[in-house]
Amino acid sequence: MNIQERMASCQLFTDHDHNYPEEAEALARARQRGKALCYEINRLHPDDLEGRKSLMKQLFGSMGDNVWMEPPIRMSYGSNTTVGNNVYINFNLTVVDDYKVTIGNDVMFGPNVTIAVTSHPVHPEKRKEGAMFALPVVIEDGAWIGSGAIIVPGVTIGAGSVIGAGSVVTKDIPANVIAVGNPCKVLREITENDREYYYKDMRFDQVEW
């Protein structure tokens, strides 16, 4: 199997496999391209919205309409990440996207979120060999990822769910729940009560907006 086939089948791989030098070189160029685009985005003047949008379209594998991103951003490739419509990305998103990251429509990210699809063997002797593995991450429509959350390889976050600030998401989270903690666990479902109260005892109908 070549490198991409190993990634797709969740097998161990290295991104500098000497058995596939042309593919390894192509991956290195793709990583360098992603880093360069992130660099260009991060150094733009905040008023240059069109320049940022143009670079974002080049960075992501695909990008929907009405996507807002606050730099800085860090990505391994960028091209392995797809972004839907009406997505808000706050400061300091880090995405280790050696493999597929899928971000749905109407997703919100707080500051300092990390998404990683790649990991390494636990045993130190095996880590020295340089092997790694990658599992896709999926964030479904309408999810809100709180500030400082970490999402590890192979996780799917269900539609509409909220991940609490500082959570470490190690397992799939179902749709329409609030999940918090390290490791992240479901706290409760999102209910009709949440249509009336936006925070603790604060009601939507008590404010003008």
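Beta bridges per DSSP, both residues in region 61-160: antiparallel share near 10 percent.
Highest GNM mean-square fluctuation, the chain, Cα pairs closer than 10 Å: which of 197, 39, 20? Between 197, 39, 20, it is 197 that shows the largest mean-square fluctuation.
Figure legend: label point modelled 7 angstrom from the Cα of residue 2 along Cα→Cβ; residues of region 92-115 with amide N under 18 Å from it are 98-100. With the cut-off at under 11 Å, measuring from each backbone N in region 140-180 to a point 7 Å along the Cα-to-Cβ line of residue 189 picks out 176-177. Taking each residue as 0.36 nm, the span from residue 12 to residue 48 lengthens on full extension beyond its C-alpha to C-alpha distance by 8.8 nm. For the residues 33, 43, 195, a GNM of the chain with alpha-carbon springs under 10 Å puts the largest fluctuation on 195.
Rounded to the nearest 5, what % of the DSSP beta bridges within the chain are antiparallel ones? Taking every DSSP beta bridge within the chain, about 20 percent pair in antiparallel fashion.
A Förster radius of 45 Å combined with the Cβ-Cβ distance from residue 129 to residue 175 puts the calculated FRET efficiency at roughly 0.70. Note on residue 58 and residue 199: the extension gain reaches 46.9 nm, defined as 0.36 nm multiplied by sequence separation minus the Cα-Cα distance.
If you rank 31, 188, 127 by how much accessible surface each has, with a 1.4 Å probe, what is the order from largest down? Write down the numbers at each step before the final one.
On the way: 31 45, 188 100, 127 120 Å².
Of 31, 188, 127, the descending order of accessible area is 127, 188, 31.
Reported to the nearest whole Å, the Cα centre-to-centre distance from region 130-209 to region 39-77 is 24. When volume of the Cα convex hull per residue in Å³ is computed from the coordinates, the matching label among (1) 160; (2) 171; (3) 130 is (3).
Charge tally for residue 176 (other residues, Cβ to Cβ under 13 Å; Lys, Arg +1; Asp, Glu -1): -3.
Here the Gaussian network model covers the chain, with springs between Cα atoms less than 10 Å apart; of 179, 24, 143, 24 fluctuates the most.
For region 125-209, GluC sites (Glu not before Pro) meeting the loop criterion (DSSP other than H, G, I, E, B) and having at most 15 other Cβ atoms within 10 Å: 129, 192, 208.
On the protein heavy atoms, probe 1.4 angstrom, tell me the percent of accessible surface of the chain carried by carbon and sulfur.
On the way: 6230 of 11820 Å².
C and S atoms contribute 53 percent here.
Rounded to the nearest 20, the size of the Cβ-charge dipole of region 3-198 about its Cα centre is 480 debye, with Lys and Arg at +1 and Asp and Glu at -1.
Take every pair of alpha-carbon atoms less than 8 Å apart whose residues are at least six positions apart; their mean separation over the length of the chain yields a relative contact order of 12 percent.
The values are calculated or read from the model by the stated rules, or taken from the named source; none is laboratory data. Just so it is clear, the structure is predicted and the values come from calculations on it, not from any experiment. All Cβ positions, glycine included, derive from the backbone under ideal geometry; neighbour counts span all protein chains shown. When the accessible area is computed, the model is the full protein with side chains, heavy atoms only, and any ligands, DNA or RNA have been set aside. Shrake-Rupley method; radii C 1.70, N 1.55, O 1.52, S 1.80 Å.
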